[in-house]
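What follows is calculated from the coordinates using simple rules that are stated; it is not laboratory data. Bear in mind that the values here come from a model prediction, so they are computed numbers and not experimental data. All Cβ positions, glycine included, derive from the backbone under ideal geometry; neighbour counts span all protein chains shown.
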Amino acid sequence: MSAPKITELGTQSIRSLLMKYALPGIIAMTASSLYNMVDSIFIGHGVGAMALSGLTVAKPFMDICAAFGTLVGVGASSLVAIKLGEKDYRSANDILANVIILNVILGAIIMVVGLFWLDPILYAFGASDATIAYAHEYMEIILWGNILTHIYYGLNSMLRSVGHPRISMYATILAVSLNVALDPIFIFVLDMGVRGAALATIISQLVSVIVELIIFLNPKEVIHFHRGIWRLRRDITMRALGIGTAPFLMHMAACFVVIVLNNQLLRYGGDMEIATFGMTNRFIFFFVMIVMGIQQGMQPIVGYNYGAQLYHRMLRAFTLAVYCATCVMSFLFLFGEICPEGFIRLFTHDELLIAQSITPARIMLAVMFAIGFPMITGNFYTSIGMAPKAIFLSLTRQVLFLIPLIIGLPLLFESLGIAPIWGVWWSWPISDSLSVIIAMIVFNRDRRKFKFLKVTSKN
């Protein structure tokens, strides 16, 4: 995108900009959520409940890999948006090159470490003797393609920040479409089982990376690949990683939560309970990805206007994003509470698994209507470079609240003569409620400052 067109972030209506940037992000993130969902559906129906449980065990490992990609991608894309707002195009180009370099380095390290200690890691994540083989087969393929995955997510984030949300969307849709097409071929026709699902994911990402590289090789783009930028700059690296720390820790915390949760479910229930969580979590994840699409649409608008000192526009983008996110999560809440069996049957035809999953699903979804606000608020602070507050908000729900509840609440239930497994399930809505309260307190403390800046920017 040319420099004059980039300035639309500081001039056009916030409502129209959010629609323009968020809609492709929503479509892209919704499509992206279908990666694991489609894999789970095909594996659940084609391989069985134990394979589905194995995939649930493998997911936090996949999320850890994605977290390091997020560390680079989100941090760099937020920094690029700020630099474009400041009209510092030279630094923006240097950031692009650093995205590639850092993703290759981190991707290679994770691949080597993961392959070397794969089985011990999976057992620590909640695998049993019945599910370890499925988890191992899936993650082995995923790890071999880890560098490619990092580059895919990194360049996708950059496309949105430089004013190409639609191309970012198309690249994601292309990857998901290929994955959906290849899954049944590899799983059923070629009889590759869970390996086939993993291979389909890597091949689809490869095709999308090629599309993304073609865009950034175009010299007409305001930032693009060219000579003189291929060096790792310490200042860019440290600031990008600093900004990206909040979403990175959020992803890592989410992974750690799933690890603890898997182990607690295995301790107080069994592999079937892990499968229950896997199905419900993937359904929740579908709607969370829609909210993340809204975040992605908000991010360049907020970052640009913050850099341009147009604070009233920055706050307007935040308010609209919160409203949209709340509507999405309220729909999730209503659908999940009224008809949980509807989405559970997407993943399995096992009647025993379906019957035992309904009540836990309703419990996990009990406060989902409210979590849009803390999600958007955390991303807002990331977008304007306030990493400490973003980190704090990212950690409250999962580290400060959820993990202690997952460990302690089953013990409390057991002491009261209630099956401890219900303590595991109820940890979720209690943690969600507390995170909403904390986010409100943090943002309200900054409200006066933001209002002052808002008035100042108008004058």
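As a proxy for reagent exposure, Tyr311, Tyr170 were ordered by neighbouring Cβ count within 10 angstrom, fewest first; the result is Tyr170, Tyr311. Listed by Cβ neighbour count within 10 Å, with the fewest neighbours leading, Lys59, Lys220, Lys20 appear as Lys220, Lys20, Lys59. Going from the fewest other Cβ atoms within 10 Å to the most, the residues Glu137, Glu273 appear in the order Glu137, Glu273.
The distance from the alpha carbon centre of segment 355-371 to that of segment 273-339 is 18 Å, rounded to a whole number. Between the alpha-carbon centres of segment 93-144 and segment 382-410 there is a gap of 24 Å.
For segment 280-410, relative contact order (Cα pairs under 8 Å, six or more residues apart, normalised by length) works out to 29 percent.
For segment 338-344, the Karplus equation 6.51 cos²θ - 1.76 cosθ + 1.60, evaluated at θ = phi - 60°, returns couplings of 7, 9, x, 4, x, 7, 5 Hz by residue, with Gly and Pro reported as x.
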